[in-house]
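Working notes, structure below.
The values are calculated or read from the model by the stated rules, or taken from the named source; none is laboratory data. Predicted model only: the values in this text are computed from it and were never measured. Backbone-built Cβ (ideal geometry, glycine too); neighbour counts: all protein chains shown.
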C-alpha cells in the first residue's frame, strides 16, 4: 500500500491556474539508517497557508530543510519555481552572546536595506521598539517577530516558518498566528509553517499536512482534526492532558511516546502504513 | 632607536592588525581549539621547511593549509566530534614535528627550538619583515572581500545559507586565512602563544562593543597596544618579548573586565 500523497486539488488554491511555487514528490530521507521521511509529496501554491503538524521526530524540520535546499536530497524530486524568493524563520534561533549585535545590525545582514525599510517592517510586526536593542536582550516573542521582519525584507513569495510560536506565551501565540495570516494577505505570499498545535493555527491555515515520517492525512484543518490518523497521533493526548500539552513546553513524554513508536516502526515493522491509503 | 627595535615594532604591529579581526571570528565561532591545533602543527611545518631549506613560514603555511583540508574532509562524518578530531590532529602533528626535528638535529644542531616555541621578535630582519607584510596585506585583502559573509555565518549558518551565502567555502577560506596568520605570527610570539594573541584582544574588545565592526576595530587596537607595551617592558626588564606581549594582552583583558564591572556598579 502506498502512503498517502497530497493531491493538488486539496490545496484549495485561491487561483486555480497559478503555477506551484514548489512541488515535491517521493521525498525520502535517512539518518544513520533510520528512516526520517518516506515518500513525501506536496505542492505549495501561491498565496496559500500550509501547516505541517506531527509529533516530535516526525521529520517536519527535516522536510522543510530539504525543501529549502539546506539538506542535500537523498531520494525524490523537489522542483522550485525558478528564482523563487524565500524567507525562512528557522527553529530555535539563538545568537551567541559573544556577538555584539543590535536588532538593526541583524536585519542588515540579509541584504542592503535602508533604515526606513527596516523600521517599517519591524513596525508591521509590532517590534519597532527593539530596533536599537542588542538581539540577545529581547524576549522570545520579540525575537520571532524580528525574524519574521528579516524574512519579509526579502520580499518573499514563500515564507517558511519552523514553529514560529515557540517560546511565546498563549496570548502571544494567538497574536502571532493572526499576524501571519495578515502578512499573507498584505504581502501576497505563500506560507509553509510547522506547528505542534492544530487548534491554534486552524483559523490561520488553508491546508494541514499531518506528518509522521510519511504523510498521514491532509486537507482542511476541520477535516484533518476529525481524521482517524490524526486522532491516533494526537487524540490520546488531547483527552486528559489538553491544557498541559497545549499551553506549555511541548518537549514532554506525551510526544516522547510517539517518538519511540516511530523508532519501532522504522526498525522494520511498517505498521504506520496501515490506514494511510485514504486521503480526504 | 635601534634598527632591531624598529623591525620588532613593525613586525608586532603587522601581526596585531590581522590577529585582531581574525581573532573576533575565532571567538564568535568558538574556534580557539582550532587555532591551537594549527599552532601545534606549525612545529611540523618549521621542521619540514628547515629540512627542505625553505623559509619556516612557508612550511608553516603549507602544513596549516594541509591541516585545514584534512579537517574539512574529516568533518563530513558525524560519529566523531570536531573537538576530538582537533585533538587527534593537534597532537599527532606535534609528535610528528618533534620526530622530524630530532632527525634534523642529529645531523646538524643548527635549529633553535625555543625561538619557534616562544618567538624571537628582536631577531627579525628586513627580509623576514617584507615577507610578513606581504602575508598581512594578503590576509587583510581577503578579509575585506569576505567580511560580510564571515559575519553572516558567524551569526547564524542556516540564515546565511538561505541568504545565498556560500557557507562551506567561507569556512574553508577562513581556515586558510588562519593558517597564514599563524605563519606570520610564529616569529613574533611563537607557536605556543599564538592563539593568545588571536583570542585575548578580541575578548577584551567584546566588553566595549555593541556592533561587530566596533569589536573588530577595538581588537586591532588592543592587540597593537599589547604588542607595543609588551615589547617596551621586555626591553625595560630584559624578559622575553613574546610572552611579555601575551601578558600585556591578558592585563588589558582584566583591566577591561574590571572597568566593565565599575561602569555597571556606578549605574546603581
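Of the residues in the range B:113-120, at least one is away from every other protein chain (no Cβ under 14 Å), crowded, with 19+ Cβ neighbours inside 10 Å, touching a helix residue (DSSP H, G or I) at 6+ places or on another chain (Cβ under 7 Å) and in a helix (DSSP H, G or I). Only one of the numbered conditions (1) in a helix (DSSP H, G or I); (2) surrounded by fewer than 21 Cβ atoms within 10 Å (Cβ to Cβ) is violated by residue B:27, and that is (2). In the set (1) touching a helix residue (DSSP H, G or I) at 6+ places or on another chain (Cβ under 8 Å); (2) modelled with pLDDT under 85, the condition left unmet by residue B:76 is number (1).
Here is the figure for the range A:99-128: residues that are outside any loop (DSSP other than H, G, I, E, B) and without any contact (Cβ under 8 Å) to a residue 40 or more places away in the chain total 14. Does residue B:200 meet the test of being buried (at least 22 other Cβ atoms within 10 Å of the Cβ), within 14 Å of chain A (Cβ to nearest Cβ) and either without any contact (Cβ under 8 Å) to a residue 12 or more places away in the chain or within 19 Å of residue B:17 (Cβ to Cβ) (or both)? Yes. Take residue B:170 and tell me if it is farther than 21 Å from residue A:110 by Cα, modelled with pLDDT of 85 or more and under 23 Å from the mean Cα position of the chain (by Cα). So residue B:170 does not fit the description; no.
Restricting attention to the range B:121-165, the residues that are in a loop (DSSP other than H, G, I, E, B) and farther than 25 Å from residue A:150 by Cα total 2.
Regarding residue A:91, is this residue away from every other protein chain (no Cβ under 12 Å) and in contact with a helix residue (DSSP H, G or I) (Cβ under 9 Å, 6 or more places away or on another chain)? Judged against the criteria, residue A:91 is not a match. Within the range B:143-167, the set of residues being surrounded by fewer than 17 Cβ atoms within 10 Å (Cβ to Cβ) and either more than 14 Å from chain A (Cβ to nearest Cβ) or at pLDDT below 90 (or both) comprises B:144, B:145, B:164.
Look at residue A:165 and say whether it is buried (at least 19 other Cβ atoms within 10 Å of the Cβ), within 12 Å of another protein chain (Cβ to nearest Cβ) and under 21 Å from the mean Cα position of the chain (by Cα). For residue A:165, the condition - buried (at least 19 other Cβ atoms within 10 Å of the Cβ), within 12 Å of another protein chain (Cβ to nearest Cβ) and under 21 Å from the mean Cα position of the chain (by Cα) - is not met.
Here residue B:190 passes the criteria (1) in contact with a helix residue (DSSP H, G or I) (Cβ under 7 Å, 6 or more places away or on another chain); (2) at negative phi; (3) part of a loop (DSSP other than H, G, I, E, B); (4) at pLDDT below 90 except the one numbered (2). Looking across the range A:97-120, the residues that are more than 7 Å from chain B (Cβ to nearest Cβ) and surrounded by fewer than 21 Cβ atoms within 10 Å (Cβ to Cβ) come down to A:97, A:104, A:108, A:111, A:112, A:113, A:114, A:115, A:116, A:117, A:119, A:120.
So is residue A:181 assigned by TED's automatic domain parsing to the domain that holds residue A:112 and either in a helix (DSSP H, G or I) or surrounded by 23 or more Cβ atoms within 10 Å (Cβ to Cβ) (or both) or not? When the stated conditions are applied, residue A:181 does not pass them. The residues of the range A:4-34 that are crowded, with 17+ Cβ neighbours inside 10 Å and at pLDDT 80 or above, listed by number, are A:20, A:21, A:22, A:23, A:24, A:27, A:28, A:29.
Looking only at the range B:1-13, which residues are under 14 Å from the mean Cα position of the chain (by Cα) and surrounded by 24 or more Cβ atoms within 10 Å (Cβ to Cβ)?
Taking the range B:1-13 and keeping what is under 14 Å from the mean Cα position of the chain (by Cα), we get B:11-13.
Of everything in the range B:1-13, those that are under 14 Å from the mean Cα position of the chain (by Cα) and surrounded by 24 or more Cβ atoms within 10 Å (Cβ to Cβ) turn out to be B:11, B:12.
Applying a threshold of 6 Å to beta carbon distances and a minimum spacing of six or more residues, or different chains, the list of pairs starting in the range A:50-73 at a residue that is assigned by TED's automatic domain parsing to the domain that holds residue A:180 and ending at one that is part of a loop (DSSP other than H, G, I, E, B) and surrounded by 20 or more Cβ atoms within 10 Å (Cβ to Cβ) reads A:51/A:195; A:51/A:205; A:53/A:195; A:59/A:213; A:60/A:54.
Residue A:42 - would you say it is touching a residue at least 12 places away in the same chain (Cβ under 8 Å), touching a strand residue (DSSP E or B) at 6+ places or on another chain (Cβ under 8 Å), more than 14 Å from chain B (Cβ to nearest Cβ) and part of a helix (DSSP H, G or I)? Show your work before the answer.
On the way: touching a residue at least 12 places away in the same chain (Cβ under 8 Å): yes; touching a strand residue (DSSP E or B) at 6+ places or on another chain (Cβ under 8 Å): yes; more than 14 Å from chain B (Cβ to nearest Cβ): yes; part of a helix (DSSP H, G or I): no.
No, not satisfied.
Consider the range A:45-86 and keep the residues that are crowded, with 23+ Cβ neighbours inside 10 Å and in a loop (DSSP other than H, G, I, E, B). The one that is farthest from the other protein chains (Cβ to nearest Cβ) is A:55.
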